[in-house]
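Since the structure comes first, as structure tokens, the remarks are kept for the end.
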Amino acid sequence: SLSKLQLKTGDLDPRLFSRLRHLQKLDLSDNLLDKFPNSLTLPDLRVLNCNNNKLEDVTALKQFPLLEELTYENNVYLTLNDDYKVMFLLQNLRRLNGKDITKLANHVRRVNSRKLTSKVTAHWEKFFRDQLPEKYTAEQVKSIKEKFLKSVQTNVVYGPSSLSEFTRWRVKMIAEEFLACSLGLELNSDTEPEEKTDENEEESTESPREAAEDVAQNLTTSQHASQVTVTPSKRKRNHSKSSSGNKKSKTQADTEEEAAEDVSAEPLHFLQCHSKGNSREDFKTQLWSCVFEPVLDSGARKDPIVSSSRTVATCGGESVCLIDCETGTVLKKYKVATEEFFSVAWTTLTMVISDSRRKAHNILAAAGRRGIVKLIHVAADFCYGEIKAHKKPIATVCFSPTQETHLFTASYDKRIALWDIGIPDSDYNFKASQLLVLETVSIPLRVALVPTCPEQYLLAGCEGGCFAWNIKLDKGQKSRPFEAIFQFPDEESVTTSHRVDGLAFLNDDVVVSKSSKPGCIYLWSWSRSFDAKGKGCQRTMSAVILAELEWSTTDMSYLTLSTCPAKEYVFCGDEKGSVWMYNLSSYTTAWGSAKGKRLERRICPTQILKWPELRVNGEQPSEILVNNVVADPAFTYLVVLTSVNITAIWKKS
């Protein structure tokens with residue numbers, strides 16, 4: 001037993017340990033180890049305890065091939081992916097963190113490996129075999145190997161996204177073996193395979209959730225809350241409705257037709273995971289906000305070749321959920337009994353771990369009716385702090401894209417506050433401070449930072465109009481009135497006074513906003529509307545309208561919109577459970593020129609996704625409002641949040 005000795009990795013001297021030829025049990029718990037040296041040897045080791053350390057990687061444990069029992073609980077940087085790696089690497093392992101894993105481990109070693117091997121082989125046959133000439137040079141071999149390894153890790157997907165790191169790690173390993181054995185292409189690769197973690201196999205004999213629960217005891221118990229998956233009784237493929245209007249040239253018509261076809265989507269999952277008290281009868285909880293988790297592109301924890309996450313955070317009622325869009329698995333659930341959550345936002349903080357090494361971690365901020373921001377370190381399943389930001393409810397929160405610790409909170413107290421949330425130390429101590437208060441004349445509902453100058457201007461849609469503030473921190477005054485209010489066309493004239501309940505940037509310049517005027521979403525130019533040279537505050541400026549989007553004629557408020565800038569899409573739900581999708585890629589070039597004229601006709605949706613016929617306990621839910629709809633950055637998934645406690649996930653087909 002070497003527990004509780006403040007041991008660091010450098011204290012484990014291989015020269016000493018390699019002499020312990022017959023050691024069978026080793027207890028290294030409650031120390032400061034961040035990894036295992038590779039050459040401890042210990043050829044007869046059967047039981048190893050490394051609870052309560054700071055381990056970040058498990059692959060070095062493969063040096064103990066006879067290991068039967070392993071525990072490493074309370075190592076916050078280890079995840080479910082690491083559990084799967086040790087099950088694969090240690091063929092004799094029977095117990096992990098106190099649980100019998102024999103059945104799951106056999107599945108990981110055999111079924112999982114077999115499936116991945118066939119997928120890797122098929123990927124080579126389909127896309128790469130014909131690229132290799134009969135007589136090839138060393139350069140050609142090197143080039144094709146690199147392309148294949150990159151492609152296969154990106155495109156071979158299996159099991160839930162919570163296990164995607166493990167899957168990519170195994171895929172890389174299998175691909176390298178395949179190239180070396182089948183094709184004789186040796187890989188001179190002495191680098192440690194990159195790590196990545198993903199959840200349970202989709203095709204295992206037990207469900208992904210059961211398999212995960214075998215090993216995922218370190219997850220919060222509330223993760224296993226009741227989820228009702230509502231299956232659609234009819235799965236209709238939605239075909240695109242092409243816009244009416246002026247004649248187009250053949251090429252333009254073709255590309256628009258392709259874009260329209262490209263967008264058909266299939267309903268994938270319907271989840272009821274925000275129920276009050278986990279009640280299956282709850283079809284009243286309103287769901288408000290969802291944001292896709294950013295991909296960590298540094299370090300071994302995440303793989304930079306993967307462009308977009310499939311994990312989304314959703315909030316509504318007393319809970320925040322983390323959902324894998326591909327499998328529909330609720331990976332984590334966080335509850336506060338007295339809260340009603342309205343908004344969630346992600347940031348990536350570079351936190352200092354042991355030995356002063358820095359590492360990126362995703363942090364989720366969640367806020368709502370109590371005016372308190374909860375800060376959650378998701379990988380560690382730990383809500384490490386809170387900021388009492390406002391005395392009234394917080395409508396929305398958002399992080400600065402350039403300052404990782406800067407968080408904006410917009411509240412019913414008619415203020416938007418800017419906070420520096422600080423960076424937690426290794427014991428999760430942190431210091432938050434308020435940097436700015438922006439005074440609003442009415443309740444702020446949506447906020448957006450101007451993409452070309454996110455540290456200078458903030459735009460907010462409020463109950464009483466659309467406003468802009470100068471948020472530059474070198475200006476001195478901590479409390480600021482708005483700098484501009486924007487005028488929009490009204491039935492007869494122009495008005496500044498209207499509820500703006502949808503606001504987002506489509507690209508660096510085009511703003512999309514939705515007002516209480518029924519049936520209309522405006523697209524307008526930030527640079528042509530905002531006069532930065534004028535002096536003074538509270539000036540009225542006319543929004544330079546580029547186009548209007550045709551939308552539902554409802555006068556129902558708070559059905560918000562979102563954009564997918566990379567694909568130039570706008571999404572907005574309606575009062576009937578439908579999602580209106582607009583592909584604007586054929587218009588944005590014209591809008592970008594200074595002479596871009598306003599389109600006379602309204603732009604019709606490229607497609608409307610209709611709510612499928614769902615039966616819950618044999619009945620169809622009554623009125624279904626779509627409060628929010630968000631696509632991941634690559635527009636693979638579309639997450640639809642409703643007023644009846646159902647999260648719908650669509651996948652682009």
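The values are calculated or read from the model by the stated rules, or taken from the named source; none is laboratory data. In this text the structure is predicted, and so the values were computed from the model without any measurement. Note that we place each Cβ from the backbone using ideal geometry, even for glycine, and neighbour counts take in every protein chain shown. Just so you know, the surface numbers come from the protein's heavy atoms only, side chains and all, with ligands and any DNA or RNA stripped out. Shrake-Rupley method; radii C 1.70, N 1.55, O 1.52, S 1.80 Å.
Annotations for the structure displayed:
- Pick from region 617-653, criterion modelled with pLDDT under 90 and at positive phi, ranking: most open to solvent (accessible area, probe 1.4 Å): Asn617
- Residues of region 19-28 include at least one that is part of a loop (DSSP other than H, G, I, E, B), under 23 Å from Lys359 (Cβ atoms) and in the same structural domain as Gln91 (by the TED database).
- Within region 431-453, considering residues that are among the polar types (S, T, N, Q) and in a strand (DSSP E or B), the one least open to solvent (accessible area, probe 1.4 Å): Ser433
- Region 241-270, subset touching an Asp or Glu at 6+ places or on another chain (Cβ under 9 Å) and at pLDDT below 50, residue surrounded by the fewest Cβ atoms within 10 Å (Cβ to Cβ): Lys248
Per-residue answers, yes or no, for (1) in a strand (DSSP E or B); (2) within 17 Å of Tyr582 (Cα to Cα); (3) of a type in the set (Val, Ile, Thr):
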site	(1), (2), (3)
Trp524	yes, yes, no
Arg528	no, no, no
Thr553	no, yes, yes
Tyr558	no, no, no
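- Boolean, Ala410 is under 23 Å from the mean Cα position of the chain (by Cα), touching a residue at least 24 places away in the same chain (Cβ under 8 Å), open to solvent by less than 30 Å² (accessible area, probe 1.4 Å) and closer than 15 Å to Thr348 by Cα: no
- Set side by side, the residues Leu375, Leu331, Leu364, Leu407 differ, and just one is modelled with pLDDT under 95 and assigned to a strand (DSSP E or B), which is Leu331.
- Selection within region 573-609 - basic (Lys, Arg) and either open to solvent by less than 20 Å² (accessible area, probe 1.4 Å) or in contact (Cβ under 8 Å) with a residue 40 or more places away in the chain (or both): Lys576, Arg598, Arg601, Arg602
- All positions within region 533-556 that are at pLDDT 90 or above, of a type in the set (Asp, Glu) and open to solvent by 40 Å² or more (accessible area, probe 1.4 Å): Glu550
- Subset tally (residues that are surrounded by fewer than 21 Cβ atoms within 10 Å (Cβ to Cβ) and under 21 Å from Asp324 (Cβ atoms)) for region 364-377: 1
- In region 71-79, the count of residues that are open to solvent by less than 40 Å² (accessible area, probe 1.4 Å), at pLDDT 95 or above, in contact with a Lys or Arg (Cβ under 9 Å, 6 or more places away or on another chain) and under 23 Å from Leu104 (Cβ atoms) is one or more.
- Condition met for Asn49 (surrounded by 13 or more Cβ atoms within 10 Å (Cβ to Cβ) and over 21 Å from Met351 (Cα atoms)): yes
- Selection from region 116-156 of residues that are closer than 27 Å to Thr327 by Cα and buried (at least 17 other Cβ atoms within 10 Å of the Cβ): Leu116, Lys119, Val120, His123, Trp124, Phe148, Leu149, Val152, Gln153, Val156
- Among the residues listed as Leu559, Leu614, the single one being modelled with pLDDT of 90 or more and open to solvent by less than 20 Å² (accessible area, probe 1.4 Å): Leu559
- Restricting region 455-483 to residues that are surrounded by fewer than 17 Cβ atoms within 10 Å (Cβ to Cβ) and either more than 19 Å from Asp531 (Cβ to Cβ) or outside the structural domain of Ser527 (by the TED database) (or both), the residue that is modelled with the lowest pLDDT: Gly476
- Whichever residue in region 496-520 is touching an Asp or Glu at 6+ places or on another chain (Cβ under 7 Å) and part of a strand (DSSP E or B) and, among such residues, is nearest to Ala395 (Cα to Cα): Lys514
- Some residue of region 7-17 being touching a strand residue (DSSP E or B) at 6+ places or on another chain (Cβ under 7 Å) and part of a loop (DSSP other than H, G, I, E, B): no
For (1) surrounded by fewer than 19 Cβ atoms within 10 Å (Cβ to Cβ); (2) closer than 18 Å to Val447 by Cα, each residue gets a yes or a no:
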| residue | (1), (2) |
| --- | --- |
| Glu326 | no, no |
| Thr329 | no, no |
| Arg357 | yes, no |
| Asn362 | no, no |
| Cys383 | yes, no |
| Ala389 | no, yes |
| Ala417 | no, yes |
| Asn429 | yes, no |
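A quick yes/no check of all residues on (1) open to solvent by 10 Å² or more (accessible area, probe 1.4 Å); (2) touching a Gly at 6+ places or on another chain (Cβ under 7 Å); (3) under 29 Å from Leu503 (Cα atoms); (4) at pLDDT 90 or above:
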position: Gln272; (1), (2), (3), (4): no, no, yes, yes
position: Ser279; (1), (2), (3), (4): yes, no, no, no
position: Ser298; (1), (2), (3), (4): yes, no, no, no
position: Lys302; (1), (2), (3), (4): yes, no, no, no
position: Ser308; (1), (2), (3), (4): yes, no, yes, no
position: Gly317; (1), (2), (3), (4): yes, no, yes, yes
position: Cys321; (1), (2), (3), (4): no, no, yes, yes
position: Phe341; (1), (2), (3), (4): no, yes, yes, yes
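- Extreme residue, nearest to Ser433 (Cα to Cα), among residues of region 448-492 that are in contact with a Ser or Thr (Cβ under 9 Å, 6 or more places away or on another chain) and polar (S, T, N, Q): Thr452
- Qualifying helices (runs of 4 or more DSSP H) (wholly inside region 53-168; at least 2 residues being more than 30 Å from Leu23 (Cβ to Cβ)): 113-127, 138-155
- Test: residue in region 590-611 that is more than 30 Å from Ser529 (Cβ to Cβ) and of a type in the set (Asp, Glu): no
- Residues satisfying the stated conditions in region 1-46, i.e. open to solvent by less than 30 Å² (accessible area, probe 1.4 Å) and among the β-branched types (Val, Ile, Thr): Thr9
- Number of the exception - Asp490 against (1) within 25 Å of the chain's Cα centre (by Cα); (2) open to solvent by 30 Å² or more (accessible area, probe 1.4 Å); (3) more than 28 Å from Lys391 (Cα to Cα): (1)
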